[in-house]
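K.L.:
Before anything else, here's the structure in question.
The values are calculated or read from the model by the stated rules, or taken from the named source; none is laboratory data. Keep in mind it's a predicted model, so treat the numbers as computed, not measured. Counting neighbours? That spans all protein chains shown, and the Cβs are built from the backbone with ideal geometry, glycine included. Surface accessibility is based on the protein's heavy atoms, side chains included, excluding ligands, DNA and RNA. Shrake-Rupley method; radii C 1.70, N 1.55, O 1.52, S 1.80 Å.
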Amino acid sequence: MSTYIFGHTSPDSDSIIGAMALAYLKNQLGEDCIPTCQGEISVETQFILDKFDGVAPELKTSVAGESVYLVDFSDKAQAPKDIMEATILGIVDHHKLGDLTTDTPLECWIRPIGCSNTIIKEMFDYYGVEIPKNLAGMMMCAILSDTVIFKSPTCTKVDTKIVKELAEICGIEDYKALAMEMFIAKSAVDGASARNLNTRDYKEFEMNGSKVGINQLEMVDISVLDDRKDELLADMKAMKDENGLHTVIVLLTDIMKEGSTLLTVSDDDSKIEKAFDIKLENSQVWLDGVLSRKKQIIPFIQPQFK
Ligand code: MG
Ligand code: MG
Ligand code: MG
């Protein structure tokens with residue numbers, strides 16, 4: 001019986017490429033593993049797959065009775081609904097520890113570094129398995145995405161070192177130029193609906209009984225959305241009502257200006273204002289220097305729900 005390997009809902013490049021890379025490694029080690037994903041491939045991930053002749057993993061949203069490895073998450077809210085009926089063999093992740101538990105012992109590779117693919121590269125090295133050229137290129141791009149080309153506060157020396165090693169394997173010298181091309185591709189918003197924009201990199205978190213949904217758009221210039229903020233906020237209100245959420249946040253992250261406009265619709269705005277010691281104006285605020293949801297947003301919001 002095959003084991004399935006997948007990342008979080010609304011999969012980003014780390015989730016997709018991470019599942020592919022870990023499945024390749026596990027297969028080399030003699031385990032029969034299939035990479036899958038829980039949702040549509042993003043524009044950014046498609047850019048990476050096209051660049052390196054990658055094949056997108058198949059969609060799989062139900063895992064009852066299966067054995068699985070999780071990549072890039074350990075929160076129940078980001079897993080298939082029937083995850084508790086699966087056997088979790090292992091987790092490879094770089095986020096806060098989520099609320100998933102297991103009945104059996106498991107393999108865990110969790111480290112506070114920039115990207116799950118960095119950890120997977122270390123696993124290849126640990127087991128002495130060679131990384132194929134194209135896979136190395138895709139893993140490199142996933143790390144450059146997650147670390148926002150090394151600008152994110154989540155980025156560590158390990159991430160930059162491993163990007164250089166992967167760049168060598170895939171034979172790409174100017175990897176920063178490639179990363180910039182990738183971010184320009186993912187910044188395209190023309191013709192996209194408000195719901196599409198609000199769910200491109202959307203994650204839900206359970207915070208002491210309240211559901212909080214946080215989306216992040218990483219763009220080279222967020223000003224192209226200036227005249228669509230009311231539309232985004234109206235759709236966030238609809239998302240909040242549809243899913244019984246306490247708070248919906250959308251981060252418009254400007255990777256050149258290195259900061260984010262936070263938009264929010266909440267049952268209690270004061271929680272957000274206290275979290276960041278700010279005053280919301282028209283349901284929004286600019287947070288200078290904020291690039292990382294996992295490191296600069298969630299750790300400040302979660303305590304407000306304790
Ligand atoms: Mg991710
Ligand atoms: Mg990641
Ligand atoms: Mg990301």
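K.L.:
Which of the residues belonging to the stretch 75-108 are among the polar types (S, T, N, Q) and within 16 Å of ligand 3 (Cβ to nearest atom)?
P.N.:
Matches in the stretch 75-108: Gln78 only.
K.L.:
Here's another thing I want to ask about it. If I filter the stretch 17-47 down to residues being open to solvent by less than 10 Å² (accessible area, probe 1.4 Å) and away from ligand 1 (no atom under 15 Å from the Cβ), which single residue comes out as nearest to Lys203 (Cα to Cα)?
P.N.:
Thr36
K.L.:
Can you name the number of the only condition in (1) within 15 Å of ligand 3 (Cβ to nearest atom); (2) buried (at least 18 other Cβ atoms within 10 Å of the Cβ); (3) part of a loop (DSSP other than H, G, I, E, B); (4) more than 15 Å from the chain's Cα centre (by Cα) that Lys151 fails?
P.N.:
Failed condition: (2).
K.L.:
Still on this model: Which residue pairs have Cβ atoms under 7 Å apart, sit 6 or more places apart or on different chains, and have a first residue in the stretch 266-292 that is farther than 12 Å from Phe305 by Cβ and a second that is charged (D, E, K, R) and crowded, with 16+ Cβ neighbours inside 10 Å?
P.N.:
Lys279/Glu273; Leu280/Glu273; Gln284/Lys229
K.L.:
I'd like to check something: does the stretch 275-284 contain any residue that is part of a strand (DSSP E or B), of a type outside the set (Gly, Ala, Ser) and touching a helix residue (DSSP H, G or I) at 6+ places or on another chain (Cβ under 9 Å)?
P.N.:
Checked the stretch 275-284: at least one residue is part of a strand (DSSP E or B), of a type outside the set (Gly, Ala, Ser) and touching a helix residue (DSSP H, G or I) at 6+ places or on another chain (Cβ under 9 Å).
K.L.:
Is there a residue being part of a helix (DSSP H, G or I), surrounded by fewer than 23 Cβ atoms within 10 Å (Cβ to Cβ), more than 13 Å from ligand 3 (Cβ to nearest atom) and at negative phi anywhere in the stretch 137-147?
P.N.:
No, the stretch 137-147 has no match at all.
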